[in-house]
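Engineer: Attaching a single structure in structure tokens format; questions to follow.
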Amino acid sequence: MTRPSATTAQRAAELRTALDRASYEYYVLDAPKLADAEYDRAFRELQELEAKYPALTIPNSPTQRVGAVPALALVKVEHHVPMLSLDNAFDAEELSAWEEKNARLNADVRRSGYTTEMKIDGAAINLLYERGRFVRGATRGNGRIGEDVTQNLKTVHELPLMLKGKGHPARMEIRGEVYISHAAFVKINQERARDGEPTLATPRNSAAGALRQLDPEITRKRRLRLFAFHVEVIEGKLPAERQWEVLDLLESWGFQVAPHRQEHKDLAAVQAAIPGYEALIKALEFDADGVVVKVDPLRLQEDLGVVSERIPRWGIARKFAPEVARTKLIRIGLNVGRTGAVTPFAELEPVEVGGVTVSSATLHNEDQISQKDIREGDEVEVMRAGEVIPQVLGPTPEARDRRGRGAAWTPPERCPACGTPLHRPEDEAIRYCENGGCPGRVLEGIVHYAGRDAMDIRGLGYERVRLLLQQGLIKDVADLYLLKAEQLESLEGFAAQSAKQLVAAIDATRARPLSTFLFAIGIRHVGKNNAQLLARHFPSLERIGKATVDEIEAVPGVGGAIAQAVFDFFENQGSQDLIARLKRAGIDPTEADAVVVDGPLSGKNYVLTGTLPTLSRKEAGQLIEKAGGRVTGSVTKATDVVVAGDDSGSKLDKAKGLGIEIIDEGELLRRV
Ligand code: IVH
């Protein structure tokens with residue numbers, strides 16, 4: 001291999017510097033100085049040099065940020081360390097309560113200091129670095145499993161492909177947030193409007209969307225930026241003792257860290273700094289929805305542990321007050337959900353709330369509407385808090401007093417989609433359409449099944465599901481698996497490539513675990529969390545299909561109503577037929593992550609009683625199970641350990657009588 005001369009190596013270095021600077025001016029400063037043609041010329045010269053002398057290609061070269069071909073689908077990857085999320089504190093009292101709880105575990109928190117950081121409102125990402133080199137980047141996904149978006153992230157100018165400085169642990173995951181600046185957001189939407197494409201709703205949605213593009217070139221055009229704020233070491237050591245130093249380190253390695261971070265000696269100082277932060281956010285060039293407060297010493301962070309699987313005690317998001325706006329309620333519309341729930345929603349005269357234009361909002365349920373006396377035509381208050389769906393708080397006092405107000409709203413008697421009389425269960429504020437074949441339900445059910453948190457069939461949204469139903473190509477989710485690319489090709493909005501992609505995306509769902517399937521199939525009351533609890537206990541469709549109500553209810557965290565709904569679902573002839581057809585199509589999911597048998601509490605029977613100081617019953621139950629233990633409801637001779645909190649009653653007495661070991665929450669946490 002010919003070795004490059006010193007002058008050639010220097011030329012390559014010059015080109016890299018010039019190209020990096022140009023990208024920075026273009027993507028970050030939004031003030032390009034180098035003409036496109038000039039950039040292309042320099043880029044090509046560097047590419048040619050690197051091709052001729054491969055030794056010149058360094059991982060950090062601008063040439064390494066391009067060239068990936070569009071992917072067919074995003075690949076799921078497991079995070080080495082689950083991605084955490086934070087609890088919220090909406091006011092000063094909630095923030096103080098957080099410290100109080102921590103202080104009960106370790107009083108040092110009162111004097112160990114805090115770091116505060118702007119809470120950037122973008123899309124969370126996880127970046128794997130090995131020996132200083134960026135090897136993989138993933139979206140958050142469900143916290144445990146995300147999607148590989150490495151090629152897209154490589155287009156983010158602010159992401160170091162190779163870390164600078166020193167002290168990088170051999171393997172680590174860097175946590176951060178990608179976002180789109182306000183200026184870039186405006187520009188992107190101008191370009192989209194010009195090209196006749198729909199404009200994007202918020203910078204945050206656009207950042208999340210850009211990250212999940214199949215073609216990195218599209219991601220590049222969104223000019224994503226990046227802030228880093230956290231390190232999870234997998235191998236090696238982090239030369240930092242405090243969060244403050246972690247942020248310094250991240251900067252020294254070449255990351256951007258959100259501006260305005262502060263150190264405080266105690267919580268009073270943190271509280272005093274909050275108004276300043278709140279005043280600042282209006283002037284920022286990116287979206288922020290609060291301040292993250294972190295216990296400064298890393299050792300203390302570790303000592304405090306977690307509230308539940310994904311919520312650490314060491315940090316909390318102090319959210320700013322949500323914004324409220326007034327607008328006119330044009331009409332109360334009705335939605336038919338996949339479970340048949342018919343829910344009212346507000347159609348509003350568009351209004352800006354917290355920087356976003358809102359034209360519809362939730363009204364929760366019919367009882368709320370009558371309690372608040374919300375009527376069509378009223379002027380109402382609308383609130384939007386962070387990522388949650390905007391909600392109607394109620395009519396303004398003026399509207400309530402107005403004469404000649406519209407009539408009080410009456411709930412629907414019949415399903416707006418199929419006309420079937422609605423049924424309202426005694427203990428619920430919701431009416432249901434019980435017609436399993438209701439077109440409204442079927443549509444919603446299939447869209448839900450294909451949704452991102454469910455089976456995740458990319459490219460199958462409302463429009464296409466509606467089309468497939470209209471064309472008679474499907475009538476339920478089992479039919480999806482019989483679709484052939486040739487059938488789709490000729491349909492509106494499809495081409496040869498997109499037809500193949502959809503069939504491939506449907507095919508890819510065969511690998512999804514049972515927990516995902518149980519959520520996707522749409523059993524009343526079964527959300528993601530319950531689906532997971534159920535799948536861990538009954539790791540196959542066959543097993544859960546045969547379980548009795550009692551057996552299902554015995555799963556910690558699963559209540560009676562849920563158990564009944566699950567049982568009813570599998571009892572139902574229609575569901576049985578559907579499952580049989582799915583099985584014939586090769587869909588028979590199982591759960592690999594079934595209840596752990598090998599853990600510190602393996603083979604031990606635990607009973608929980610009383611109120612524990614920090615953990616809920618459910619959280620404690622989950623911890624025990626994760627550690628291999630079993631949780632049962634009543635104390636018997638087979639019980640090994642009773643975890644007792646305040647106000648423990650008869651169970652505790654019985655345990656004492658039987659001479660069973662009794663421990664408190666602290667001891668439980670030590671054992672797991
Ligand atoms: S620390 C392992 N710090 O807010 C990291 N999070 O509600 C745990 N976020 O999932 C969170 N700015 O996506 C942290 N300075 C910051 C942040 C921040 C934004 C996001 C992040 C996190 C979410 C928690």
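The values are calculated or read from the model by the stated rules, or taken from the named source; none is laboratory data. This is a predicted model, so every value here is computed, not measured. Quick reminder, even Gly has a Cβ in these numbers, built from the backbone with ideal geometry, and neighbours come from all protein chains shown. What goes into the accessible areas is simple: the full protein's heavy atoms, side chains included, and nothing from ligands, DNA or RNA. Shrake-Rupley method; radii C 1.70, N 1.55, O 1.52, S 1.80 Å.
Engineer: Which value, in Å² rounded to 10, gives the accessible area of Asp568 with a 1.4 Å probe and all protein chains present?
Structural biologist: 80
Engineer: Sticking with this one: Pull up the cross-link candidates among the lysines for Lys651, meaning alpha carbon to alpha carbon under 23 Å and not fewer than 8 places away within one chain.
Structural biologist: Those lysines meeting the cut-off are Lys604, Lys618, Lys637.
Engineer: Rounded to the nearest 500 deg cm²/dmol, what is the calculated helix-only ellipticity per residue at 222 nm for the chain, with -39500 (n - 2.57) per DSSP H run of length n ≥ 4?
Structural biologist: -10500 deg cm²/dmol
Engineer: Also, I was wondering about something else. Give me a comma-separated list of calculated 3J(HN,Hα) values for the stretch 622-628, in order, Karplus coefficients 6.51, -1.76, 1.60 applied at θ = phi - 60°, integers in Hz, x for any Gly or Pro.
Structural biologist: So the J values, rounded to whole Hz, are 5, 4, 4, 5, 4, 8, x.
Engineer: Excluding ligands and nucleic acids, what accessible area in Å² is computed for Thr410 using a 1.4 Å probe, to the nearest 10?
Structural biologist: Spelled out: Thr410, probe radius 1.4 Å, area about 110 Å².
Engineer: What dipole magnitude, in Debye to the nearest 20, does the chain give about its Cα centre under +1 on Lys/Arg Cβ and -1 on Asp/Glu Cβ?
Structural biologist: 1300
Engineer: Between the stretch 65-96 and the stretch 282-316, what is the separation of their alpha carbon centroids in Å?
Structural biologist: When both Cα centres are located, 14 Å separates them.
Engineer: Write down the accessible area per residue of the stretch 1-119 in Å², having rolled a 1.4 Å probe over the full set of protein chains.
Structural biologist: 58
Engineer: Would you compute the Debye intensity of the stretch 227-380 from its alpha-carbon atoms alone, equal scatterers and no solvent, and pass along log10 I(q)/I(0) at q = 0.12, 0.16, 0.19 Å⁻¹ to two decimals?
Structural biologist: -0.77, -0.97, -1.15
Engineer: Taking the alpha-carbon distance from Lys484 and a cut-off under 13 Å, which aspartates and glutamates remain once sequence neighbours fewer than 8 residues away in the same chain are dropped?
Structural biologist: Cross-link targets: Asp507.
Engineer: Using alpha-carbon pairs under 8 Å, 6+ residues apart, how would you state the relative contact order of the stretch 51-148 in percent?
Structural biologist: With pairs under 8 Å counted, the relative contact order is 35 percent.
Engineer: Please identify every one of the GluC sites (Glu not before Pro) in the stretch 224-308 that sits in a loop by DSSP and has no more than 14 other beta carbons within 10 Å of its own beta carbon.
Structural biologist: Glu241, Glu285
Engineer: How many times 2.2 N^0.38 Å is the alpha carbon radius of gyration of the stretch 239-321?
Structural biologist: Here the answer is 1.17, to two decimals.
Engineer: Tell me the relative contact order for the stretch 99-242 as a rounded percent, counting alpha carbon contacts under 8 Å between residues six or more apart.
Structural biologist: After rounding, I find 28 percent.
Engineer: Calculate the dipole size of the stretch 515-604 relative to its Cα centre from +1 charges on Lys and Arg beta carbons and -1 charges on Asp and Glu beta carbons; express the result in debye to the nearest 20.
Structural biologist: Once rounded to the nearest 20, the dipole reads 200 debye.
Engineer: If ligands, DNA and RNA are left out, what is the accessible area of Leu658 with a 1.4 Å probe, given in Å² to the nearest 10?
Structural biologist: 80
Engineer: Which whole-number value in Å³ per residue fits the convex hull of the alpha carbons of the stretch 466-618?
Structural biologist: Expressed per residue, the convex hull around the Cα atoms of the stretch 466-618 is 157 Å³.
Engineer: For the chain, calculate the relative contact order in percent as a whole number, restricting contacts to Cα pairs under 8 Å that are 6 or more residues apart.
Structural biologist: 9
Engineer: Among Tyr277, Ser634, His537, whose Cα projects farthest towards the positive end of the dipole of the chain, with charges put on the beta-carbon of Lys, Arg (+1) and Asp, Glu (-1)?
Structural biologist: Looking along the dipole axis, the top candidate is His537.
Engineer: Right, next: Going by Cα centres, the stretch 431-464 and the stretch 601-672 are how many Å apart?
Structural biologist: One Cα centre to the other: 41 Å.
Engineer: Counting only heavy atoms of the protein chains, get the accessible area per residue of the stretch 190-305 (1.4 Å probe) and round it to a whole Å² value.
Structural biologist: Roughly 47 Å² per residue, with all protein chains present.
Engineer: Excluding residues on the same chain fewer than 8 positions from Lys328, give the lysines whose Cα lies under 24 Å from its Cα.
Structural biologist: Partners within reach: Lys372.
Engineer: Calculate, for the stretch 513-589, the solvent-accessible area per residue in square angstrom, rolling a 1.4 angstrom probe over the heavy atoms of the protein chains.
Structural biologist: 43
Engineer: Quote the convex hull volume per residue of the stretch 1-62, based on C-alpha atoms, as a whole number of Å³.
Structural biologist: Convex hull of Cα atoms, per residue: 69 Å³.
Engineer: Another question about this same structure. What are the extents of the Cα atoms of the chain along their three principal axes, listed from largest to smallest and rounded to whole Å?
Structural biologist: 81, 67, 62
Engineer: Between the stretch 484-519 and the stretch 362-426, what's the alpha-carbon centroid distance in Å?
Structural biologist: Comparing the Cα centres of the stretch 484-519 and the stretch 362-426, I get a distance of 38 Å.
Engineer: OK, next. Within the accessible area of the chain, what % is carbon and sulfur when the probe is 1.4 Å and the other protein chains stay in place?
Structural biologist: 50
Engineer: Now for a different question. Given a Förster radius of 35 Å and the C-beta distance between Gln487 and Glu78 as r, what FRET efficiency does 1/(1 + (r/R0)^6) yield to the nearest 0.05?
Structural biologist: So, using R0 = 35 Å, E works out to roughly 0.50.
Engineer: So, in nm, how far is label Asp577 from label Arg21 when the simple model puts each one 7 Å beyond its Cα toward the Cβ?
Structural biologist: Between Asp577 and Arg21, the simple spin-label model gives 7.2 nm.
Engineer: Given Cα positions, please report Rg to Rh for the stretch 563-672, the hydrodynamic radius being the Kirkwood one.
Structural biologist: 1.15
Engineer: Using only Cα atoms, figure out Rg for the stretch 255-303 and give it as a multiple of 2.2 N^0.38 Å.
Structural biologist: Ratio of Cα Rg to 2.2 N^0.38 Å: 1.30.
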